[in-house]
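Note sheet for the following structure.
The values are calculated or read from the model by the stated rules, or taken from the named source; none is laboratory data. This is a predicted model, so every value here is computed, not measured. With ideal geometry, Cβ positions are generated from the backbone for all residues, glycine too; neighbour counts draw on all protein chains shown.
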Amino acid sequence: MADQKESPAFTSTITAAAGGEGGACLLDGTPPPCMVVVVGASGDLTARKIVPALYNLYVHDGLPKHFLALGCARTDLTTEAFREKMKGALKRANLFDPNRYEAFAKLLHYQSIEYDDAASFAKLAKRVSELDSEFGTGGNRLFYLAIPPNLYKSTAQMLGRAGLSREDLDKGQWARIVVEKPFGRDLQSAVDLDRTLHKYFKEHQIFRIDHYLAKETVQNILMFRFANAIFEPMWNRRYIASVNIIAAETLGVEHRAGYYDQAGVLRDMFQNHMMQLLALTAMDPPSVFEADRVRDEKVRVYRTMRPFPTHNLWDYLVLGQYGPGEVASKKVPAYRQENGVRFDSLIPTFASMKVFLDSWRWQGVPFYLTSGKRLAQKRTEITIRFKEVPHSLFRSILGAHITTNRLNLGIYPDERITLNFQTKNPGAKVCLRSVTMDFHYHQNYEGPILDAYEKVFLDCMLGDQMLFWRQDGLELCWSFLTPILHECETCSGRSDMLLPYASGSWGPDAAKKFQNPAS
């Protein structure tokens, strides 16, 4: 390895051997031939995320040699019309390349279906078989449910009854189903959904997607913790005072009002994204870096979550709903003024909660989880605040509190890791100042970068469930959240507990008792 020159300020350096080889780390194995069947292909998710992800994989040679995508939905479209629709989607995403799209478009096909019609799915099965023979996809099928959650159960049943869930693993032929969150709306509905899926699909066939887990910087949390010996000895109650996890959004409900006004922030963000970030931060190291070993350790974290004292809920939870305000110098309406939202809605758009883990490693350390819409900045980060020095020998000189060390794991938009610590200011007088060590995730890397959905598709095609939910973890998280949801949605003082906050702020003032994101 070449010598690295010291710089006046700390800067991380990645050698060419580690990260400068462009696509060296893009793929982990070549995906086998397969067909992706997108159920709900005429919807927004397909245009915004799914087809752009497949197109980028195609451009970077990440798709199998024998591949095609079959879109199906209620909308009556021809294959040519579907291709034109997807061309428009790629143009809106600034991805369209006329020199590449023509060849990619030949991989896109379309079949109209009715979600509650068995005969329609029988026709789909016939079309799948015909395309499989024509394109040589080896009988491998990936069904992506890009449909409303209330259609998950019936669609899984229809796929199963049409024989589309059958596998022949002896011949290397597989069938997999991808389910987007939400996975139910409480513990009972999550169990019911799982029971229906398992009538036709085995556990190894079910991929429960949480796109947060596919973000590069989220995966980097595990690498940072377990590939380095510096911080792991201090990653416990003896040295850490608190952990803050925030996922803030500047957007309102946008086009999702119909779903969001039934779900709210706890179902939309905490049951999935926030629980995953908590687990990655708190889990013990797995014995090996394999899907089930990693997910075993996450499940152990969920088992240690201390149940909320529902009789004293508001000492551990702050809920809010955004009012009118200004975001990015633009005036925006209150939540109840959004299209599709009830005028008297009591759905929370902000939540901040204090969680404790009853384990040897984390006993007594509060984890503050915060997420909300229409906040001051779009920001996702994890902040580790270490304990104060046990004895300040500088107190007689400085006469001031010494700021504690903080480690910040930035996920979005600042994909970076920073460590704040104290040092002396230059000069004769003894003065402390806080300085920062800083690592930018993409520094000195010039190769292609996978979007979260691109990583999801690769893992699905390769059969790697590392970044997907397992049912036991889901049920444990719902077991933790369901009593909170029940209390929030049934208590007599519900409207009084839903605190208003201005759009463009950091949420209700009461949340400052948990954390101050702007600090």
message: Yes or no: the range 212-228 includes at least one residue that is among the hydrophobic types (A, V, I, L, M, F, W, C) and outside any helix (DSSP H, G or I).
response: yes
statement: Residue pairs within 6 Å by beta carbon, gap of at least six or interchain, first lying in the range 152-167 and without any contact (Cβ under 8 Å) to a residue 24 or more places away in the chain and on the phi > 0 side of the Ramachandran plot, second hydroxyl-bearing (Ser, Thr, Tyr) and assigned to a helix (DSSP H, G or I), listed first then second, are none
query: Given the structure, is residue 358 without any contact (Cβ under 8 Å) to a residue 12 or more places away in the chain and surrounded by fewer than 18 Cβ atoms within 10 Å (Cβ to Cβ)?
result: no
query: Would a scan of the range 283-301 turn up a residue that is within 25 Å of residue 489 (Cα to Cα), surrounded by 18 or more Cβ atoms within 10 Å (Cβ to Cβ) and of a type outside the set (A, V, I, L, M)?
result: no
task: For the range 194-202, indicate whether the set of residues that are within 20 Å of residue 292 (Cα to Cα) and touching a Cys at 6+ places or on another chain (Cβ under 9 Å) is non-empty.
output: no
- request: Name, by its number, the condition in (1) modelled with pLDDT of 80 or more; (2) out of contact with any Leu (no Cβ under 9 Å at 6 or more places or on another chain) that does not hold for residue 24.
  value: (1)
field: residue 315 at pLDDT 90 or above and surrounded by fewer than 18 Cβ atoms within 10 Å (Cβ to Cβ)
entry: no
Unmet criterion (only one of (1) modelled with pLDDT of 95 or more; (2) in a strand (DSSP E or B)) for residue 380: (1)
- prompt: Which residues, counting only those in the range 253-273, are touching an Asp or Glu at 6+ places or on another chain (Cβ under 6 Å) and over 24 Å from residue 286 (Cα atoms)?
  reply: 253, 257
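This table checks each residue for (1) of a type in the set (Gly, Ala, Ser); (2) part of a helix (DSSP H, G or I).
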| site | (1), (2) |
| --- | --- |
| 199 | no, yes |
| 233 | no, yes |
| 247 | yes, no |
| 251 | no, no |
| 266 | no, yes |
- line: Scanning the range 318-340 for residues that are charged (D, E, K, R), in contact (Cβ under 8 Å) with a residue 12 or more places away in the chain and surrounded by fewer than 19 Cβ atoms within 10 Å (Cβ to Cβ) gives 326, 336
message: Given the condition assigned to a loop (DSSP other than H, G, I, E, B), free of Cβ contacts under 8 Å to residues at least 40 places away in the same chain and closer than 19 Å to residue 381 by Cα, answer yes or no: does some residue in the range 276-295 qualify?
response: yes
- request: Would you be able to tell me the number of residues in the range 30-42 that are touching a residue at least 60 places away in the same chain (Cβ under 8 Å) and out of contact with any Pro (no Cβ under 9 Å at 6 or more places or on another chain)?
  value: 6
task: Please give the number of the condition residue 179 fails out of (1) aliphatic (A, V, I, L, M); (2) surrounded by fewer than 17 Cβ atoms within 10 Å (Cβ to Cβ); (3) closer than 18 Å to residue 199 by Cβ.
output: (2)
field: Selection from the range 158-198 of residues that are within 23 Å of residue 120 (Cβ to Cβ) and among the aliphatic types (A, V, I, L, M)
entry: 158, 159, 162, 164, 175, 177, 178, 179, 193, 197
statement: Scanning the range 301-342 for residues that are part of a loop (DSSP other than H, G, I, E, B) and hydroxyl-bearing (Ser, Thr, Tyr), the one nearest to residue 378 (Cα to Cα) turns out to be 329
task: State all residues of the range 153-186 that are touching a Gly at 6+ places or on another chain (Cβ under 9 Å) and within 21 Å of residue 119 (Cα to Cα); if no residue qualifies, say none.
output: 155, 166, 175
message: If I filter the range 254-273 for residues that are touching a strand residue (DSSP E or B) at 6+ places or on another chain (Cβ under 9 Å) and either surrounded by fewer than 18 Cβ atoms within 10 Å (Cβ to Cβ) or farther than 30 Å from residue 337 by Cβ (or both), do I get at least one hit?
response: no
task: Would you confirm whether any residue within the range 407-417 is surrounded by 15 or more Cβ atoms within 10 Å (Cβ to Cβ), in contact with a Gly (Cβ under 9 Å, 6 or more places away or on another chain) and part of a strand (DSSP E or B)?
output: yes
field: Selection count, the range 302-312, where residues are at pLDDT below 95 and either crowded, with 22+ Cβ neighbours inside 10 Å or of a type in the set (Ser, Thr, Tyr) (or both)
entry: 1
- request: Sort through 328, 291 and tell me the only one that's hydrophobic (A, V, I, L, M, F, W, C) and under 20 Å from the mean Cα position of the chain (by Cα).
  value: 291
task: Answer yes or no: is there a residue in the range 171-193 that is farther than 30 Å from residue 489 by Cβ, out of contact with any strand residue (DSSP E or B) (no Cβ under 9 Å at 6 or more places or on another chain) and not acidic (Asp, Glu).
output: yes
So residue 142, is it under 27 Å from the mean Cα position of the chain (by Cα) and closer than 29 Å to residue 260 by Cα: yes
- line: Within the range 70-119, the residues that are among the aromatic types (Phe, Trp, Tyr) and within 10 Å of residue 51 (Cβ to Cβ) are 82, 104
